[in-house]
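The values are calculated or read from the model by the stated rules, or taken from the named source; none is laboratory data. Computed from a predicted model, the values in this text were never measured in an experiment. FYI the Cβ positions are ideal-geometry reconstructions off the backbone, even for glycines, and counts take in every protein chain you see.
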């Protein structure tokens with residue numbers, strides 16, 4: 001469903017992504033991990049063209065991102081993204097946050113949008129807060145709203161960029177629970193995360209990156225039991241202790 | 001102080017009020033056009049489209065490099081000729097007011113553009129990204145997410161600039177337009193009460209601007225959430 | 001009606017019988033602008049620095065002096081302030097002082113009033129920049145200075161001012177430029193600086209476009225010089241790892 005073919009990216013003379021290739025099939029959950037600076041956040045941002053690439057091709061379904069006739073906003077609407085710092089719109093109420101893109105991108109009418117928004121708030125357990133503002137919610141609540149906001153667009157895949165890294169420890173689980181449910185329902189997901197517990201539970205594959213390269217790309221059990229590269233082994237031993 | 005003669009003040013108040021109306025007209029028009037054009041200029045500057053950014057940059061730099069007095073004189077010189085050439089309006093209609101309004105609007109647009117640009121850049125880039133990720137187009141992102149947040153943050157600065165604008169309108173003195181201050185000095189010259197008129201107009205400006213600045217400070221205190 | 005360009009007009013002698021060409025008038029206007037601006041700038045820096053420090057002091061009453069100063073000078077339009085200095089102040093002073101002022105040569109009257117007016121007006125703006133610069137310093141700097149036994153004066157002298165003033169070099173550049181622009185308002189009380197010469201030139205030569213373009217170029221030249229000077233100053237006062245304030 002999502003294909004990254006031989007992606008390379010440079011910031012000036014520094015190569016941040018080196019010939020990365022990744023295939024994600026429908027319903028697959030792929031966890032991308034690696035030390036900081038490995039390029040994993042950059043990689044996930046190329047999938048919905050928030051970061052440009054200098055070499056390679058990216059496909060969402062049959063649509064190639066860099067094709068001149070591709071409708072980027074429409075493609076982006078089909079792939080939901082959840083950010084490390086939630087990025088709810090502070091000047092809008094929760095329900096307005098959920099409705100905004102539905103109304104202005106999907107051209108749903110206000111009632112439809114609000115209905116969908118409330119349904120998804122229900123699903124993440126936050127229906128009661130719909131009229132509040134982001135600043136009034138805790139980090140964990142904001143991130144759950146952010147997930148709901150992305151789901152309102154009925155995406156075919158979801159991208160998560162370190163969704164729990166900015167959360168206090170006691171709030172991490174409430175967000176992970178939502179993500180686990182989503183995975184179990186068959187959503188295609190690419191998650192950049194350090195939460196190996198999550199990976200072990202619902203990931204199908206684990207991808208390990210270091211210094212801009214994809215070092216390993218294995219089925220989950222194989223990865224955790226026996227990573228083939230030295231760097232992955234070192235990383236795992238540091239993270240899991 | 002005993003040498004000052006305030007007796008003539010009540011009679012001249014109507015004339016002064018007419019002058020104040022001119023001042024307010026110019027101020028309000030320049031604020032509205034200034035903010036609108038300033039927003040356009042700021043978004044052009046930040047848009048990444050080279051020719052637009054270059055033009056916006058040039059406009060802002062030019063108007064911020066020269067004294068307002070000179071800009072007023074330039075427009076007072078040019079506008080009648082332009083209007084004649086473009087619209088065939090004879091040069092006898094109230095050119096001073098029109099040229100002052102055009103001059104101020106463009107001048108203030110350049111200053112507002114800088115305030116607004118800084119305000120837009122202060123909105124975290126990630127908000128922009130989050131909106132794009134939902135599939136919004138650039139114009140939608142600006143209109144629905146970035147500009148609302150930017151304006152909320154910039155409101156005190158926009159108001160302060162408005163106060164400065166209100167004070168700057170007194171410079172239409174140099175083109176002879178009868179705004180509040182020019183009216184006051186004209187009366188002063190005519191009646192020999194120049195000192196009283198200058199003092200009075202100074203007091204009026206001080207009270208209006210002082211009160212408005214006070215309100216801005218209150219707003220700033222309230223906005224700190 | 002076609003307009004006849006005549007750039008040679010600048011080299012012609014003036015029709016008032018004065019021993020100058022029109023270019024000479026332009027030059028004298030420029031000289032007046034620069035002289036006025038530089039003199040006013042010195043006052044602005046000294047008074048502005050003083051007021052800015054006052055406003056940042058912990059002593060409420062001293063801080064209030066600075067605050068009142070700023071409120072007074074920022075809420076009256078510049079042109080009104082010029083008139084207040086030139087027309088009103090001589091009348092409000094004791095009769096002897098007022099008469100003495102009015103007996104001075106006109107040029108000296110213009111200059112005195114203009115330098116005081118422009119200088120004190122700009123001082124209010126400099127004051128705000130200084131205060132912002134001092135406020136931008138982390139609070140801990142003052143605490144650390146006091147903790148090692150320095151007096152408050154010493155803390156200002158050795159720690160707060162050296163760093164705070166460097167931070168504000170960029171916005172101070174703007175104020176320096178503003179003084180040159182605001183000097184144009186002195187034309188309204190009769191000082192024949194650059195923008196006043198623009199109107200003189202138009203009146204006497206009827207070559208409006210050439211006159212205005214020449215004056216515009218002159219201001220442009222001032223602008224570029226100031227920017228260049230301040231850029232050099234900023235580079236000289238930078239120290240590693242510290243960005244200037246916006």
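Below is a table of values for the structure above.
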quantity	calculated
Extreme residue, surrounded by the most Cβ atoms within 10 Å (Cβ to Cβ), among residues of region A:114-124 that are touching a residue at least 12 places away in the same chain (Cβ under 8 Å) and under 13 Å from residue A:151 (Cβ atoms)	A:117
Region B:124-164, subset buried (at least 19 other Cβ atoms within 10 Å of the Cβ) and not in a helix (DSSP H, G or I), residue farthest from the other protein chains (Cβ to nearest Cβ)	B:136
Residue list for region B:41-53, restricted to those being touching a residue at least 24 places away in the same chain (Cβ under 8 Å), surrounded by fewer than 19 Cβ atoms within 10 Å (Cβ to Cβ) and part of a helix (DSSP H, G or I)	B:46
Flag if residue A:149 is at pLDDT below 95, touching a helix residue (DSSP H, G or I) at 6+ places or on another chain (Cβ under 8 Å) and closer than 13 Å to residue A:94 by Cα	yes
Index of the failed condition, residue B:167 passing every other in (1) over 22 Å from residue B:39 (Cβ atoms); (2) in a helix (DSSP H, G or I); (3) more than 10 Å from every other protein chain (Cβ to nearest Cβ); (4) in contact (Cβ under 8 Å) with a residue 24 or more places away in the chain	(3)
Subset of region A:182-197 (residues that are at pLDDT 90 or above, more than 15 Å from the chain's Cα centre (by Cα) and assigned to a helix (DSSP H, G or I))	A:184
Helices (runs of 4 or more DSSP H) contained in region C:158-246 and holding at least 2 residues without any contact (Cβ under 8 Å) to a residue 40 or more places away in the chain and exposed (fewer than 13 other Cβ atoms within 10 Å of the Cβ)	C:208-237
Strands (runs of 3 or more DSSP E) contained in region A:1-90 and holding at least 1 residues on the phi > 0 side of the Ramachandran plot	A:2-11, A:14-24, A:55-60
Scope region B:181-207; condition under 20 Å from the mean Cα position of the chain (by Cα) and within 8 Å of chain C (Cβ to nearest Cβ); matching residues	B:181, B:201, B:202, B:205, B:206
Among the candidates A:227, A:155, A:163, residue that is in a loop (DSSP other than H, G, I, E, B), more than 30 Å from residue A:106 (Cα to Cα) and in contact with a strand residue (DSSP E or B) (Cβ under 9 Å, 6 or more places away or on another chain)	A:227
Scan of region A:125-136 for residues that are modelled with pLDDT under 90 and surrounded by 18 or more Cβ atoms within 10 Å (Cβ to Cβ), ordered by number	A:134
Among the residues listed as A:151, A:75, A:65, A:88, the single one being in contact (Cβ under 8 Å) with a residue 12 or more places away in the chain, within 17 Å of the chain's Cα centre (by Cα) and under 30 Å from residue A:15 (Cα atoms)	A:75
Residue check for residue A:98: modelled with pLDDT of 90 or more, within 21 Å of the chain's Cα centre (by Cα), part of a helix (DSSP H, G or I) and on the phi < 0 side of the Ramachandran plot	yes
Set C:8, C:52: member being at negative phi and surrounded by 12 or more Cβ atoms within 10 Å (Cβ to Cβ)	C:52
Residues of region A:230-241 satisfying the condition of being farther than 19 Å from residue A:172 by Cβ and touching a helix residue (DSSP H, G or I) at 6+ places or on another chain (Cβ under 9 Å)	A:232, A:236
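Residue by residue, here is whether (1) modelled with pLDDT of 90 or more; (2) within 14 Å of another protein chain (Cβ to nearest Cβ) holds:
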{"residue": "A:25", "(1), (2)": "yes, no"}
{"residue": "A:28", "(1), (2)": "yes, no"}
{"residue": "A:37", "(1), (2)": "no, no"}
{"residue": "A:49", "(1), (2)": "no, yes"}
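The rows are residues; the columns are (1) within 14 Å of chain C (Cβ to nearest Cβ); (2) part of a helix (DSSP H, G or I); (3) in contact with a strand residue (DSSP E or B) (Cβ under 6 Å, 6 or more places away or on another chain); (4) without any contact (Cβ under 8 Å) to a residue 24 or more places away in the chain.
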{"position": "B:19", "(1), (2), (3), (4)": "yes, yes, no, no"}
{"position": "B:57", "(1), (2), (3), (4)": "no, yes, no, yes"}
{"position": "B:69", "(1), (2), (3), (4)": "yes, yes, no, no"}
{"position": "B:78", "(1), (2), (3), (4)": "yes, yes, no, yes"}
{"position": "B:98", "(1), (2), (3), (4)": "no, yes, no, yes"}
{"position": "B:102", "(1), (2), (3), (4)": "no, yes, no, no"}
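Listed here are the residues, each with its yes/no results for (1) more than 14 Å from chain B (Cβ to nearest Cβ); (2) touching a strand residue (DSSP E or B) at 6+ places or on another chain (Cβ under 8 Å); (3) surrounded by fewer than 23 Cβ atoms within 10 Å (Cβ to Cβ).
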site	(1), (2), (3)
C:43	yes, no, yes
C:48	yes, no, no
C:64	yes, no, yes
C:70	no, no, yes
C:91	no, no, yes
C:108	yes, no, yes
C:121	no, no, no
